[in-house]
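Undergrad: I am attaching a structure below and will ask some questions about it afterwards.
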Number of protein chains: 4
Amino acid sequence: MRVCGWTASVAGMVACFALGWTLSGRSVQGGDEPGQPAVKGWTKGKGWGPWGAADEVGSLNAMTPETIKAALGLVKQGKVYDLGVPYDAESFRWPGHNPGVILTYRGPEGVRRQGDFPAAKDPKVNPDKVAWHSCALFLNDNVGTQIDSLGHITAGDDNQWYNGFKEADWGGNFGIRKCDATTIPPIITRGVLLDVAAMRKVDALPSHYRITVADLQACLQRQKTTLRPGDTVMIRTGVLRYWGKNGSDHDKIRQHDSAGIDLAAAKWLVEQKGAILIGSDTSGLEHAPAPKEPQTFIPVHRYLLVQQGVHIGEFHYLEDLARDGVSEFCYVCMTNKIRGTTAGFTLRPIALR
Amino acid sequence: MRVCGWTASVAGMVACFALGWTLSGRSVQGGDEPGQPAVKGWTKGKGWGPWGAADEVGSLNAMTPETIKAALGLVKQGKVYDLGVPYDAESFRWPGHNPGVILTYRGPEGVRRQGDFPAAKDPKVNPDKVAWHSCALFLNDNVGTQIDSLGHITAGDDNQWYNGFKEADWGGNFGIRKCDATTIPPIITRGVLLDVAAMRKVDALPSHYRITVADLQACLQRQKTTLRPGDTVMIRTGVLRYWGKNGSDHDKIRQHDSAGIDLAAAKWLVEQKGAILIGSDTSGLEHAPAPKEPQTFIPVHRYLLVQQGVHIGEFHYLEDLARDGVSEFCYVCMTNKIRGTTAGFTLRPIALR
Amino acid sequence: MRVCGWTASVAGMVACFALGWTLSGRSVQGGDEPGQPAVKGWTKGKGWGPWGAADEVGSLNAMTPETIKAALGLVKQGKVYDLGVPYDAESFRWPGHNPGVILTYRGPEGVRRQGDFPAAKDPKVNPDKVAWHSCALFLNDNVGTQIDSLGHITAGDDNQWYNGFKEADWGGNFGIRKCDATTIPPIITRGVLLDVAAMRKVDALPSHYRITVADLQACLQRQKTTLRPGDTVMIRTGVLRYWGKNGSDHDKIRQHDSAGIDLAAAKWLVEQKGAILIGSDTSGLEHAPAPKEPQTFIPVHRYLLVQQGVHIGEFHYLEDLARDGVSEFCYVCMTNKIRGTTAGFTLRPIALR
Amino acid sequence: MRVCGWTASVAGMVACFALGWTLSGRSVQGGDEPGQPAVKGWTKGKGWGPWGAADEVGSLNAMTPETIKAALGLVKQGKVYDLGVPYDAESFRWPGHNPGVILTYRGPEGVRRQGDFPAAKDPKVNPDKVAWHSCALFLNDNVGTQIDSLGHITAGDDNQWYNGFKEADWGGNFGIRKCDATTIPPIITRGVLLDVAAMRKVDALPSHYRITVADLQACLQRQKTTLRPGDTVMIRTGVLRYWGKNGSDHDKIRQHDSAGIDLAAAKWLVEQKGAILIGSDTSGLEHAPAPKEPQTFIPVHRYLLVQQGVHIGEFHYLEDLARDGVSEFCYVCMTNKIRGTTAGFTLRPIALR
């Protein structure tokens, strides 16, 4: 089975890249609007890459000082939108991920009672009775607001992920050893909100709603905005209006969480529009269950992460942007830096305008 | 015992604030250089606050759309410095925090062998044999690159933290219920690096080196830069040149990790210079062990977090900034959003220039 | 509030103990049948203790080489009944306890891929490719088959547990520091099964069934057995017929798990019959919810653990004993030896006959 | 590679078993002393098994009601020796196992402050202010006093463990799915202490001391005892005299922990003497590092667990037995019953005499 089309078609791509990315380090292909800047590594009709046999970064390689400056240049008001949802042990998560517990590890009473830190109890050293709190956390790395790493999804008999990294070579007991979350660079791009819930005039899309290319085009038209190669695209279903303080209403969230884009929409966003990162306010971006025709139960994840090297954003809180009618913003997100992890988790990305 | 000077001296401050912060929402006190903007909530000679009885945010309340725009305006090149250190089970941490383990929770082989997710094994549903990786994490919330929350440190018989929140009221089994890491807003400020190691002409400051006001003034002079109220100040000791890929050389890191500022330096940064956030490349910012005169073993932590509401940054990787001779930058950091946690951890703050 | 009647009434008890336990180390009080041996520390009509100000063991102090030999003397066939239920991440547990996860920590593929143990990969050192499995466990200490320690339950403003140990003195961040599970000695006693489900002619007692003294007396009569001071009493509701391989049918188990003894039955077992340990096949021994009259929601726990120093057995698998019509056996149980834990958990007690 | 000689040689063994185990359920082979009982499944010169293609129990299959009654018949005094060491976060463990943490999950103050269990705070429902302690545990399943399961060790390209179970078939993300600790039956056998430290007249054997067949024979002679087929053999090095309350003196324990038996001694115990279980007071039973000739770094583990189906006991506290000069006793051990685990851990086996 072929999991990574890019690797497989390297020979065939030499021609088209010969005048572009391969020689100059930049694609000669621009977006579909006049005046759009060419974006490194992206070819209209093809998508992203290849970036070389050692690459673990994927489409985020296309960020350059110029694109970062341009994205920051969108900030006119200095207004910050926090796109992260608060997470705790009660929060909704995909049931295939382990539960999470946040525990007081040390507290001031415990420190003094336990007596294992003598300075804390010594009235000469610590007359002001200073002590501390810390927590021990048992977590899954796919919870709360997330960015999936390119090693999250595998395919094929040899369990390959992005760029042909195989389980037998790069798996392990302590997480993945290629494309873990530490390889996700700080992300600063233009961001565009596509508010499908508003376009459909609903609070939140119904269960299993399949967001198509036509839906996305209708959003662009309604919002009078356009996509440009290199954009982060955030797709709003409205589900997170039910998150509340900690996402504890599992039934309500689960009901709406299955809305999402289909494979054709993902391909259109990447191959026609040059999306560098695609996210939504659901736990999995794609609609579920997947239709019969794809070759797997999570075709969008496989296409974006394994085949295109496009990271996926999940559980992004888009309600405030929607309320303010924001279509275009500067998206900034930095993931945790934990070796082996398969996603940035419990994140707090921001939208700046 | 008096833990929170601000609360205690509210009466006495009415006079000085009557013409300033209390009436206008902004301090009339500016920095010590002509032309510096006044900064909300800061009074020269006093420091930060008060921000009201319900406040959990402290000095970061002073960020406004204007200060954020000004900070982003410092970005001229679009160059990004990643200030986070990669963390794993081998990494150095303060021994009073629990060990961390990053474990493969699901992997493609395990998913198929375990058989608990039938779709993954079904050749009709999943002919392409798509599967996934995820990790289970057992962590402490004070590891890797951190921002201490205002609830990290307590003092006094009733274990008060910032703004008078008491253990008996706001403690709990699942972390703290006031001033947890979810209350730390996205941080975007002007940042200034004070490179004490370079000023002292050493690779890294020696063990227990006490950084004084004079050291900080010498850095400003050497670097030809100034501090302004509202700045994030990052103090470099050089210890993280020994972090490597995962901070596994505990002996070397421990040797240098005890260098840091003394209480007088912390006070000078806050009360004379208006620092909104103070960080360094060590695990604890302040020099250790503390001298005899303070009333506790961690006087800088107590002063900044409990008394001034100034968050502390730890284990910030400043080597690249130092190598490039960067003194001034735009500092951006967003912490995890986990309820109850006492710090943002394994962070990836950035410096933009 | 008075939590520990024994401590409070020491003065008044001096008289009755003066000729008995205090002087001789053994109670002069025997059971209610002629010829029953006197049992150390038990007084008919009163129950167990006191055992001294430092005691953490409670009624299990009454075990002596003689009682142990007598209990082992009940074994005639050499037949072993395993009273433990298999536990995993799917198993039913009281929802107030944290979830459990059993994870492969090391496996042979992971050891070789990870490469952190060079000998495992070295064909000269390890030509036979030997490797290992181990697991990391995240567990609660009140799951599976359990014996509650005497520190599990507290009462009163000062949170006292057995023998007057107080939270302010003996609590801590790392579990309890008095009466933890390490203080539970190996338990070897006569055991008696009281099969209430069989007596009521049901597969399992219905929800909230309140087992009374009359029920227990009816069991004794039906089974033609008697209780003797120093016995372990196991009360069968039948709920564990629904445990299956791992207790994953939460709805079914929860439905029946609320049957149990009331406070009067607990008192009768201890004060009239001299039970040294009382257990059942449910998660909590006592019926739930408790009736209005007691002073708390778990009066049996409080009475047995705090006031009488009688350990509680939970989730003991009694189905095989019931099937074979066993009333009397030798009960043997050794708990885990983990400092700070509040119960022996995931145990495998045995009944020998 | 051939990992399981027994499976391979089934054909050749049919003859010798035809008159013995296969037909009668008992081996006709007895021990080497006149009058010794024949033991099921053991052949002098060969060792244990085979027990059938589905077997997960190994040599412990040889326990029968008769052997259990005989073992219990050794108890003359009713004296109990606790062979478990107390374990906590500070305790020595093999560094290849994950660290352990014991944390207060709920405590009475936290339950009330957290407010998530309303009955606990309600003065009408709970006037006596009853609350509870429980702990959350993060542990490895190979710590404290242990019994290794037959799935702990693997060998060969296909990572087989006992009885030919292969990783590709019976591995998984949640521990092993054949021969986990739930398959270890309650163990009740005759036990014999071989006190090598006393024989060598040392407090504890020196580092890397290799215990040979001659050493074991010298112990038998000195102690005037014999081994019989079906015995549990416990070999004392003396290391646990340094365990103290929690095994926190890692340097001292590590220094002595490398003493142990060599492969020839293990073979002699199994093939000539019929040991059903072999244990010691060290973390790994065998001496380390292994000599050059074996085909792996842990030849005794591989031989006993994979090839012979003989469980291994580790960190058994033998000091009290040694002090009392006990050579023969009844050994009783029941492991935790957690599905997937590779060992019984933090156990409290007992010796009865």
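The values are calculated or read from the model by the stated rules, or taken from the named source; none is laboratory data. All figures in this text were calculated on a predicted structure; none of them were measured in a lab. So basically every Cβ, Gly included, is an ideal-geometry build from the backbone, and we count neighbours across all protein chains shown. When the accessible area is computed, the model is the full protein with side chains, heavy atoms only, and any ligands, DNA or RNA have been set aside. Shrake-Rupley method; radii C 1.70, N 1.55, O 1.52, S 1.80 Å.
Undergrad: Of D:Leu150, D:Val39, D:Cys330, which is farthest towards the positive pole of chain D's charge dipole, taken about the Cα centre with +1 and -1 on the beta-carbons of Lys, Arg and Asp, Glu respectively?
TA: Toward the positive end, the furthest listed residue is D:Cys330.
Undergrad: Please give the Cα centre distance for the stretch C:48-70 versus the stretch B:209-257, rounded to the nearest Å.
TA: First find each Cα centre; the distance between them is then 61 Å.
Undergrad: What is the percent carbon and sulfur in the accessible area of the protein assembly as shown, measuring with a 1.4 Å probe over the protein chains and ignoring ligands?
TA: 52 percent
Undergrad: What number, rounded to the nearest 500 deg cm²/dmol, is the helix-based mean residue ellipticity at 222 nm of chain C, given -39500 (n - 2.57) per DSSP H run of at least four residues and division by all its residues?
TA: -4500 deg cm²/dmol, from helical runs alone.
Undergrad: Quick one: grab the alpha carbon gyration tensor of the stretch C:70-112, order the square roots of its eigenvalues as a ≥ b ≥ c, and give me rounded if a/c is under 1.5, else prolate or oblate depending on whether a/b is larger than b/c.
TA: oblate
Undergrad: What does the accessible area per residue of chain B come to in Å², with a 1.4 Å probe and no ligands, DNA or RNA counted?
TA: Averaged over the residues of chain B, the accessible area is 33 Å².
Undergrad: A follow-up question, please. Give the A-B buried accessible area in Å², both sides summed, 1.4 Å probe, nearest 100.
TA: Chains A and B together bury approximately 7900 Å².
Undergrad: Let me ask something else. Distance in whole Å from the A-onto-D rotation axis to the closest C-beta of chain A, together with the residue it belongs to, please.
TA: A:Leu103, 3
Undergrad: For label points placed 7 Å from Cα toward Cβ, what is the shortest-first list of nm distances from C:Pro289 to its copies?
TA: 4.1, 5.5, 6.6
Undergrad: Can you pull the one-decimal nm distance between simple spin-label points at A:Gln221 and A:Phe117, each 7 Å off the Cα toward Cβ?
TA: According to this spin-label approximation, the distance is 6.2 nm.
Undergrad: Put a label point 7 Å from Cα along the Cβ direction on A:Thr212, then list its distances to the equivalent points in the other copies in nm, shortest first.
TA: Taking the point 7 Å beyond Cα along Cα→Cβ, the inter-copy spacings are 6.9, 7.6, 8.4 nm.
Undergrad: Work out the P(r) tail for the stretch D:154-206: percent of alpha carbon pairs separated by more than 13 Å, whole number.
TA: 72 percent
Undergrad: D:Ala38 to C:Lys79: FRET efficiency via 1/(1 + (r/R0)^6), r the Cβ-Cβ distance, R0 30 Å, to the nearest 0.05?
TA: The formula returns an efficiency of 0.90 here.
Undergrad: Dipole of the stretch D:215-279, Cα-centred, from +1 at each Lys and Arg C-beta and -1 at each Asp and Glu C-beta, to the nearest 20 debye?
TA: That gives the stretch D:215-279 a dipole magnitude of about 260 debye.
Undergrad: Could you work out which residue, out of C:Ile278, C:Ile235, C:Ile187, moves most in a Gaussian network model of chain C, that is, has the largest mean-square fluctuation with Cα springs under 10 Å?
TA: Residue with maximal mean-square fluctuation among C:Ile278, C:Ile235, C:Ile187: C:Ile187.
Undergrad: Can I ask one more? Could you list the square roots of 5 times each eigenvalue of the Cα gyration tensor of the protein assembly as shown, that is, the equivalent ellipsoid semi-axes, sorted largest first and rounded to whole Å?
TA: Equivalent-ellipsoid dimensions as semi-axes: 57, 39, 31 Å.
Undergrad: Please get the size of the charge dipole for the stretch B:235-337, origin at its Cα centre, with Cβ charges of +1 on Lys and Arg and -1 on Asp and Glu, quoted in debye to the nearest 20.
TA: In total the dipole reaches around 160 debye.
Undergrad: Mind checking the alpha-carbon convex hull of the stretch D:108-147 and giving the volume per residue in Å³?
TA: In the stretch D:108-147, the Cα hull volume divided by residue count equals 108 Å³.
Undergrad: If you take the square roots of the eigenvalues of the alpha-carbon gyration tensor of the stretch D:217-298 and sort them as a ≥ b ≥ c, do you get rounded (a/c under 1.5), prolate (a/b over b/c) or oblate?
TA: Cα axes put the stretch D:217-298 in the oblate bin.
Undergrad: Rounded, prolate or oblate for the stretch B:116-229? Axes are the square roots of the Cα gyration tensor eigenvalues, ordered a ≥ b ≥ c, and the cut-off for rounded is a/c under 1.5.
TA: oblate
Undergrad: Here is a further query. Determine the equivalent ellipsoid of the stretch A:187-256 by diagonalising the alpha-carbon gyration tensor, then write out the semi-axes as square roots of 5 times the eigenvalues, largest first, rounded to whole Å.
TA: 24, 16, 9
Undergrad: Given a 10 angstrom Cα cut-off, can you work out which residue in D:Val57, D:Val85, D:Val125 is the most mobile in a GNM of chain D?
TA: Ranking D:Val57, D:Val85, D:Val125 by mean-square fluctuation puts D:Val125 first.
Undergrad: For peptide A:157-164, compute the average count of partner chain beta-carbon atoms within 10 Å of each residue's beta-carbon.
TA: 3
Undergrad: On to the next question. How about the stretch B:35-134: which trypsin sites (Lys or Arg not before Pro) there lie in a loop by DSSP and see at most 15 other Cβ atoms within 10 Å?
TA: B:Lys76, B:Lys124
Undergrad: Label D:Asp157 and C:Asp157 with points 7 Å out from Cα along Cα→Cβ: what is the distance between them in nm?
TA: Once both label points are built, they end up 7.5 nm from each other.
Undergrad: Right, next: Sorted from shortest, what are the nm distances separating the label point of B:Ala168 from equivalent points in the other copies, each placed 7 Å from Cα along Cα to C-beta?
TA: 1.0, 6.6, 6.6
Undergrad: To check my understanding: the extent here is largest minus smallest coordinate of the Cα atoms along each principal axis. What are those three numbers for the stretch A:300-349, in Å, largest first?
TA: 37, 25, 17
Undergrad: Sticking with this one: Is there a quick way to get the dipole size of chain C? I mean about its Cα centre, with the Cβ of Lys and Arg at +1 and of Asp and Glu at -1; what is the value in debye to the nearest 20?
TA: 620 debye
Undergrad: Work out the charge dipole of chain D with +1 on the Cβ of Lys and Arg and -1 on the Cβ of Asp and Glu about the Cα centre, then indicate which of D:Phe165, D:Leu139, D:Pro123 is farthest towards its positive end.
TA: After comparing all options, I get D:Pro123.
Undergrad: Another question, then. Excluding same-chain residues fewer than 8 positions from D:Lys121, which aspartates and glutamates have a Cα within less than 12 Å of its Cα?
TA: C:Asp157, D:Glu109
Undergrad: Please check the stretch B:337-353 for residues whose accessible area, probe 1.4 Å, is lower by 50 Å² or more when all protein chains are in place than in their chain alone.
TA: Residues meeting the cut-off: B:Lys337, B:Ile338, B:Arg339, B:Thr346, B:Arg348.
Undergrad: Within a 10 angstrom radius of each residue's Cβ in B:142-148, how many Cβ atoms of other chains show up on average? Whole number is fine.
TA: Per residue, the average neighbour count from other chains is 2.
Undergrad: I need the fraction of alpha carbon pairs in the stretch C:223-353 separated by more than 19 Å, rounded to a whole percent.
TA: Result for the distance tail: 53 percent.
Undergrad: If Lys and Arg each add +1 and Asp and Glu each add -1, what is the summed charge of the other residues whose beta carbon sits under 9 Å from the beta carbon of A:Val213?
TA: -1
Undergrad: As a test question: what accessible area, to the nearest 10 Å², does D:Arg177 have when a 1.4 Å probe is rolled over all protein chains in place?
TA: We get 70 Å² for D:Arg177.
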